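I have placed the structure first, in the form of structure tokens, so that the comments after it can refer back to it.
The values are calculated or read from the model by the stated rules, or taken from the named source; none is laboratory data. Because the structure is predicted, anything quoted here is derived from the model rather than measured. A quick note on method: Cβ atoms are made from the backbone with ideal geometry, for glycine too, and the neighbour counts reach across all protein chains shown. We work out accessible area using only protein heavy atoms, side chains counted, and drop any ligands, DNA or RNA first. Shrake-Rupley method; radii C 1.70, N 1.55, O 1.52, S 1.80 Å.
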Amino acid sequence: MHDMVKTAQKHSPKRATLRTPSDLIDTGLASEADRSALEAVGERFTMAIPPAFQDLITHPDDPIARQVIPDARELITLPHEDTDPIGDDALSPVPGIVHRYADRALLKPLLVCPLYCRFCFRREHVGPGGGLLNDAELETALDWVRQHPDIREIILTGGDPLMLAPRRLKHIVQSLSDMPHIETIRIHSRVPVADPARMTEELLDAMETDCAMWLVVHANHARELTPKATKAIRAVLSRAIPVLSQSVLLRGVNDTVESLEALLRAFLKARVKPYYLHHLDAAAGTGHFHVPVEEGQALLRQLRGRVTGLAWPTYVLDIPGGRGKVPIGPEYLKPGSPGTVSTPDGEICDFT
């Protein structure tokens with residue numbers, strides 16, 4: 001299958017983002033027998049696989065393909081799954097704003113992404129329609145921020161804010177920078193790994209600000225940190241913008257000690273500080289990616305002492321209903337046993 005995929009890509013007259021079942025079949029990433037299932041999934045959820053990700057797929061069930069190729073299981077909604085698993089809609093005072101925490105808010109200027117992850121918690125909203133805030137809606141959202149001086153940090157998310165035209169991104173960043181109470185701007189993006197060619201000097205210029213600017217890059221497998229992705233990240237770092245990571249713990253992608261360790265080491269090699277490892281949000285049709293919390297904790301417990309503390313992310317659960325994130329990493333202080341801790345290998349020690 002690997003050879004078939006590469007041969008089809010080599011003879012393709014133009015490398016483009018794959019968006020349809022026919023695209024997948026033509027490039028060898030699916031068979032004709034898959035067409036009806038792919039079309040059924042496509043009627044509900046958007047697909048996009050940019051060339052940078054196509055190049056990483058060795059076969060249709062590898063850790064990269066699992067993240068981006070539609071699967072018939074996406075049409076199975078389990079009882080606990082929800083179309084808005086973390087309660088964004090109920091916490092949106094105006095279009096484009098989500099206000100969950102007292103000192104910060106999300107600004108979602110668009111709902112377009114360079115690729116569409118099959119496990120996305122906003123999968124019911126993102127897609128070709130774009131959810132782009134028009135000029136009036138954007139100004140309403142910015143005015144809301146101006147009128148809330150307790151807000152100190154804005155997280156630009158979406159969709160993917162680095163899919164904006166540089167001029168529009170610059171307008172947003174500058175508008176926020178001009179607000180005296182805004183201290184930090186954070187951009188969450190998949191672009192540096194999914195479409196690193198978009199990280200142009202013009203786009204980097206648009207990120208310039210006197211505020212504390214941070215970029216949080218989403219990647220889930222070590223192979224995503226390609227030389228091109230690393231070059232794009234280095235370009236961001238050259239602008240004195242620190243880069244953090246966020247990943248989702250996913251069945252068949254990074255749910256082994258070896259794959260998770262490789263991912264964390266790849267981040268550090270790219271000078272990216274691991275930040276969040278998310279427990280999968282219970283979005284509709286994502287159950288086949290689920291890894292139980294206890295299994296996630298066991299993975300991290302095995303990594304303690306095996307990788308440097310610089311590589312250690314915070315394992316977090318976004319509580320359903322919009323109640324925010326909580327850390328759920330392994331606990332070493334033994335409850336009910338004052339003065340005792342467990343070592344990563346399970347030995348009980350007295351530290352008093």
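A few comments on the model shown:
- Low-density loop cleavage sites - GluC sites (Glu not before Pro) in region 18-53, where at most 16 other Cβ are within 10 Å (DSSP): E43
- Other residues within the sphere of radius under 10 Å centred on the Cβ of S342, judged by their own Cβ, net out at -1 (K and R +1, D and E -1).
- Using θ = phi - 60° and Karplus 6.51 cos²θ - 1.76 cosθ + 1.60, couplings along region 89-96 (whole Hz; Gly, Pro as x): 4, 6, 10, 10, x, 9, x, x
- Region 232-296-region 109-135 distance, computed between alpha-carbon centres (Å): 20
- Whole-Hz ³J(HN,Hα) from phi, Karplus 6.51 cos²θ - 1.76 cosθ + 1.60, for region 245-255, glycine and proline x: 10, 9, 9, 10, 6, 10, 4, x, 10, 9, 9
- Mean separation of Cα pairs under 8 Å and 6 or more residues apart, divided by the residue count, gives the chain a relative contact order of 15 percent.
- Sequentially through region 256-270, phi angles give Karplus couplings (6.51, -1.76, 1.60; θ = phi - 60°) of 10, 4, 5, 6, 5, 4, 4, 4, 5, 5, 5, 4, 4, 4, 8 Hz, Gly and Pro residues having no value and appearing as x.
- Probe 1.4 Å, accessible area per residue of region 204-292, Å²: 36
- Placed amide H near G252: partners under 5 Å, 5+ positions off or other chain: none
- Percent accessible area from carbon and sulfur atoms, region 216-352, protein chains only, probe 1.4 Å: 58
- Percentage, to the nearest whole number, of Cα pairs in region 137-263 over 27 Å apart: 24
- Among residues other than K325 with Cβ under 10 Å from its Cβ, the summed charge is +1 (Lys and Arg +1, Asp and Glu -1).
- Between region 25-58 and region 90-104, the Cα center-to-center distance that results, in Å: 34
- Residue with peak Gaussian network fluctuation, the chain [Cα springs, cutoff 10 Å], from H125, H181, H80: H80
- For region 90-236, relative contact order (Cα pairs under 8 Å, six or more residues apart, normalised by length) works out to 22 percent.
- Taking amide hydrogens as placed 1.01 Å from N in the peptide plane, the amide H of A282 sits under 5 Å from that of no residue at least 5 positions away in sequence or on another chain.
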